[in-house]
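Student: Below is the structure I would like to discuss, written out as structure tokens.
The values are calculated or read from the model by the stated rules, or taken from the named source; none is laboratory data. Everything quoted here is computed from the prediction, not taken from an experiment. As a convention, Cβ positions derive from the backbone with ideal geometry for all residues, glycine included, and neighbour counts pool all protein chains shown.
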Amino acid sequence: MTSPSRPTSTATSSREPFHRRRRALLRPADTAPRLPASDGAAALVGSLGLVPSVNASDSFILGEPVHGSAPDIEGQGKANPIASIRSAALMLSHLGYTDAATRIYGAVDAVLAEGQFLTPDLFDNAGKRGTAKTNEVTDEIVKKLMA
């Protein structure tokens, strides 16, 4: 007799490969939803729209934001451009242009600290959701870079 709290195997033979037997022991209630590590890290900083990434080797580098393409908000001006901008800074840094990368990080950080140009995925210090459009945030970062 098995305990109701322990899952029972539906495997018919112990000769089945272990991974199949193990999978049979799991029930949906036994597994927690899993986020990719990058999504979990993004949750710690507040938004996927803030987290850059690069794929790099000795012969190439590709920068891209951690978030997906967000087809549900395409053309609405709601996408946060900061992860893409920070990805460019990561690429510059990897290529040895650390001064330029540092300037980009500084401009982005200044815009975030001011809290006036935040996309809807971000909140200011008072807890108010951002209302800025993608191009407004980008323009403000460029202004900081040019200053």
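Student: Would you confirm whether any residue within the stretch 87-99 is among the aliphatic types (A, V, I, L, M), free of Cβ contacts under 8 Å to residues at least 24 places away in the same chain and surrounded by 14 or more Cβ atoms within 10 Å (Cβ to Cβ)?
Tutor: Yes, the conditions are met somewhere in the stretch 87-99.
Student: Confirm whether Ile141 is part of a helix (DSSP H, G or I) and touching a residue at least 60 places away in the same chain (Cβ under 8 Å).
Tutor: yes
Student: Let me ask something else about it. Is there a residue being under 24 Å from Ala132 (Cβ atoms), modelled with pLDDT of 70 or more and outside any loop (DSSP other than H, G, I, E, B) anywhere in the stretch 26-49?
Tutor: yes
Student: If you scan the stretch 70-86, which residues turn out to be part of a helix (DSSP H, G or I) and surrounded by 14 or more Cβ atoms within 10 Å (Cβ to Cβ)?
Tutor: Correct list: Ile73, Ile82, Ala83, Ser84, Ile85, Arg86.
Student: Which of the residues that make up the stretch 110-129 are acidic (Asp, Glu), outside any loop (DSSP other than H, G, I, E, B) and surrounded by 13 or more Cβ atoms within 10 Å (Cβ to Cβ)?
Tutor: The answer is none; no residue qualifies.
Student: Continuing with this model, one more query. Out of all the residues in the stretch 87-104, which are among the small types (Gly, Ala, Ser) and not in a helix (DSSP H, G or I)?
Tutor: Scanning the stretch 87-104 gives a single hit, Gly96.
Student: For residues that are closer than 30 Å to Phe117 by Cα and of a type in the set (Asp, Glu), tally how many sit in the stretch 50-64.
Tutor: Looking only at that region, the number is 1.
Student: Does at least one position in the stretch 109-121 carry a residue that is in contact with a Gly (Cβ under 7 Å, 6 or more places away or on another chain) and touching a residue at least 60 places away in the same chain (Cβ under 8 Å)?
Tutor: yes
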